[in-house]
1. Net charge near residue 105, counting Lys/Arg +1 and Asp/Glu -1 over other residues with Cβ under 12 Å of its Cβ?
2. With both partners inside the range 56-137, how many of the DSSP beta bridges are antiparallel, as a percent to the nearest 5?
3. Which of the peptides 87-98, 51-62, 179-190 is most tightly packed, and how do the rest follow, judged by the mean count of other Cβ atoms within 10 Å per residue?
4. Would you please give the residues with an amide H less than 5 Å from that of residue 76, counting only those at least 5 places away or on a separate chain, with H modeled from the backbone geometry?
5. Figure the gain on full extension for residue 173 and residue 99 (residue separation times 0.36 nm, minus the Cα-Cα span) and round it to one decimal in nm.
6. Which aspartates and glutamates, on any chain, are close to residue 144 with Cα under 17 Å apart, when same-chain ones fewer than 8 places away are left out?
7. Determine the dipole magnitude for the range 56-137: charges of +1 sit on the beta-carbon of Lys and Arg, -1 on that of Asp and Glu, nothing else is charged, the reference point is the Cα centre, and the result goes in debye to the nearest 20.
8. Quick one: of the DSSP bridges fully inside the chain, what percent are antiparallel, nearest 5?
Amino acid sequence: MIRSACLGAVFVAACAPAAAGTLSAIVTDAGGAPVADAVIYAVALGARPAVAPRPAIMDQVNKEYFPLVVPVQVGAAVTFPNKDNIRHQVYSFSPAKVFEMKLYAGTPAKPVVFDKPGAVVLGCNIHDWMVGYIYVVDTPYFAKTGKAGSARLEALPPGDYQVRVWHPYMKAEAALLTLNLAEGATGDASFRLELSAPQKVPPAEK
């Protein structure tokens, strides 16, 4: 059941010399507080332009994955540098990408290519509290919210889109909205999510 709700969206056409449009989004929790690390992405409902995926990095620092969430486009290569002075063993059993990197230090010679959309939960066989997320989207138009709960998608060609939001602590499937973005249009959207509390790790375990 969808329990999350889109509070509303307003899209205003604006005169602009460029054909591309822009979307600004705000994500809050059930109490109205801003939500960081939410992935906002717009999926074109018509023809989809061929855009090469950009590579990304998921660091390992102080026995933690950093940042918590890394959004990427399908086909993106992600590097997992280990910046600690101990070895880590990165793995995932998620359907979108099952892989394992044996114990290592430094930066692996080969990145991992994420070729299916969906959420990929990362773990470490040596440090159970280490959890990170790669969220793979089948669109080149995506962004992640910061501490203020805001994100901005740019260079959107005119057309029809579904705008979606994902967060690792969502209790249910998030609401989405459909919009027609005219040439040079600008828009604003807001989403409210019901989130679970993150699992806290006792300091002694680190």
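Throughout, read-outs are computed from the coordinates displayed, never taken from laboratory work. Nothing here was measured: the structure is a model prediction, and the numbers come from that model. Because the Cβ atoms are built from the backbone with ideal geometry, glycine has one as well, and the counts that use them run over all protein chains shown.
1. +2
2. Beta bridges within the range 56-137, antiparallel portion: roughly 70 percent.
3. Top of the packing list down: 179-190, 87-98, 51-62.
4. Under 5 Å from the amide H of residue 76 lie the amide H atoms of 114, each far enough along the sequence or on another chain.
5. On the way: separation 74, 0.36 × 74 = 26.64 nm, distance 2.55 nm.
So the chain would gain 24.1 nm between residue 173 and residue 99.
6. Reachable aspartates and glutamates: 29, 37, 59, 154, 188.
7. With Lys and Arg at +1 and Asp and Glu at -1, about 160 debye.
8. 75
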